[in-house]
Amino acid sequence: MQIWFSISTGRSSVKEAGTTKCEGESAPLAGVRLETVHRSEAAVKVPDILKAKKTISFEFFPPKEANSFPKMLAVLNELKGLGPDFVSVTYGAGGSTRGHSVVLSIRAQRESGANVLSHLTIWGHSKDEVHAFVARLQKAGIENVMALRGDQPADGTPLYPGGFPNTVQLIEYLRGHFDLGIGAACYPEGHPEAKDRVADVEYAKRKVDAGAGFLVTQLFYDNADFFAFLDRARQMGIGVPVIAGLMPIQDARQTRRFAARCGAKLPTALEEGLERYGHDDMETREFGIEYTTAQARQLWDNGAAGLHFYTLNKPYSVSRILANLGLAARFGSTSHGPRREIIARERLDTQAGGT
Ligand SMILES: Cc1cc2nc3c(=O)[nH]c(=O)nc-3n(C[C@H](O)[C@H](O)[C@H](O)COP(=O)(O)OP(=O)(O)OC[C@H]3O[C@@H](n4cnc5c(N)ncnc54)[C@H](O)[C@@H]3O)c2cc1C
């Protein structure tokens with residue numbers, strides 16, 4: 001099981017005349033004309049941006065309820081003020097929030113002017129469904145897709161019979177049928193299913209050879225793992241940019257839970273910090289801001305092609321980290337106001353969002 005930040009609502013799809021229709025796919029589309037080919041000025045392929053510079057990017061997950069979209073878009077707008085090169089929108093396991101993912105991707109690009117990287121997984125989908133999903137994104141002017149296999153849903157749903165059998169074939173298909181910037185995931189500490197770290201990088205190479213133009217890492221807390229991965233990747237002929245995925249520490253229990261789930265080790269300095277400050281959320285967050293700032297600074301200066309922040313839909317820590325690094329286009333409004341109030345508000349928002 002890997003960490004990603006879509007909300008799993010369980011499989012909420014119904015079979016209709018041989019096709020799978022996901023809840024929320026049509027209803028929340030009000031106001032979004034998917035038929036119209038839309039070219040946003042913001043839309044740029046991530047590999048093209050990476051040719052010119054290192055990137056800053058933020059990941060969001062679609063809220064469980066469509067009526068939380070405005071709140072979500074408000075958070076996105078706040079972070080948009082920090083000048084990200086792209087924002088990514090995650091995809092629910094087995095397509096559970098597929099409708100929300102497409103709607104949020106399109107609204108993020110149209111209403112916030114964000115350059116969107118929309119995630120996509122193959123688990124539980126036929127090739128036609130995957131094609132239709134990507135065609136809708138592209139019609140709406142989205143230029144980037146994160147091509148993923150996904151994890152098997154808890155109910156044991158298998159890969160779709162006759163669908164894409166793996167990520168490599170998905171990427172080959174996307175490259176053959178669409179004009180997109182294609183990203184893929186990679187794992188500095190190795191994916192839990194990998195035979196070993198070398199085999200894991202070999203598989204990442206296959207994804208790159210198939211057409212992935214950049215890689216984004218799973219979260220990690222020890223930069224040594226990133227640098228070792230990068231060395232291995234370069235030695236094995238992976239030439240594309242590798243963006244470091246970072247998750248600002250929000251609270252001690254959650255950090256331990258996420259790390260355990262995705263197999264990320266917690267270095268001693270981090271363990272000690274969580275021990276020391278874990279009783280107080282505000283102190284934990286301050287510690288987390290310092291920790292991730294140091295991590296990010298070293299990565300930025302030493303080979304990471306960009307920094308991708310797993311925001312958990314919370315703007316406060318990310319805006320502080322970017323300000324510390326001097327990388328924010330401007331210091332976002334999230335920096336203003338008493339810290340305790342901001343943190344309390346973020347906690348309420350998260351509870352409402354259902355993480
Ligand atoms: C940046 C990022 C974003 C993510 N976003 C989402 C999301 O939006 N929604 C979601 O559901 N999940 C998401 N995930 C989680 C992801 O779906 C899981 O980690 C999943 O277990 C693997 O997906 P993948 O595309 O990396 O799989 P793959 O790369 O296809 O496989 C995972 C690993 O299995 C091994 N493997 C697979 N096939 C082979 C083979 N044929 N030969 C040898 N080894 C093989 C390799 O070690 C490989 O690294 C994300 C992960 C990351 C890092």
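The values are calculated or read from the model by the stated rules, or taken from the named source; none is laboratory data. These figures come from a predicted structure and were not determined experimentally. Cβ: placed from backbone, ideal geometry, glycine included. Neighbour counts: every protein chain shown.
A few notes on this one:
- Of residues in the range 189-212 being over 29 Å from Leu137 (Cα atoms), among the hydrophobic types (A, V, I, L, M, F, W, C) and more than 8 Å from the ligand (Cβ to nearest atom), the one nearest to the chain's Cα centre (by Cα): Val201
- Among (1) closer than 30 Å to Ala252 by Cβ; (2) near the ligand (Cβ under 7 Å from one of its atoms); (3) at pLDDT 95 or above - the single one Asp151 does not satisfy: (3)
- Selection count, the range 214-239, where residues are within 14 Å of the ligand (Cβ to nearest atom) and either closer than 30 Å to His177 by Cα or without any contact (Cβ under 8 Å) to a residue 24 or more places away in the chain (or both): 8
- Looking only at the range 160-188, residues that are part of a loop (DSSP other than H, G, I, E, B), within 11 Å of the ligand (Cβ to nearest atom) and either aromatic (Phe, Trp, Tyr) or buried (at least 16 other Cβ atoms within 10 Å of the Cβ) (or both) come to 3 in all.
- Annotation: Ile3 fulfils all but one of (1) over 30 Å from Ile321 (Cβ atoms); (2) modelled with pLDDT under 50; (3) outside any helix (DSSP H, G or I); (4) out of contact with any Asp or Glu (no Cβ under 8 Å at 6 or more places or on another chain); the unmet one is (1).
- Among the residues of the range 73-106, the ones that are more than 15 Å from the ligand (Cβ to nearest atom), assigned to a helix (DSSP H, G or I) and either of a type in the set (S, T, N, Q) or over 15 Å from Phe133 (Cα atoms) (or both) come to 8 in all.
- Some residue of the range 121-142 being surrounded by fewer than 24 Cβ atoms within 10 Å (Cβ to Cβ), within 15 Å of the ligand (Cβ to nearest atom) and closer than 24 Å to Pro192 by Cβ: yes
- Matching residues in the range 258-279 - criterion: being exposed (fewer than 15 other Cβ atoms within 10 Å of the Cβ) and modelled with pLDDT under 95: Ala260, Arg261, His279
- Conditions (1) in contact with a Pro (Cβ under 8 Å, 6 or more places away or on another chain); (2) over 27 Å from Gln169 (Cβ atoms); (3) part of a helix (DSSP H, G or I): number failed by Ala114: (3)
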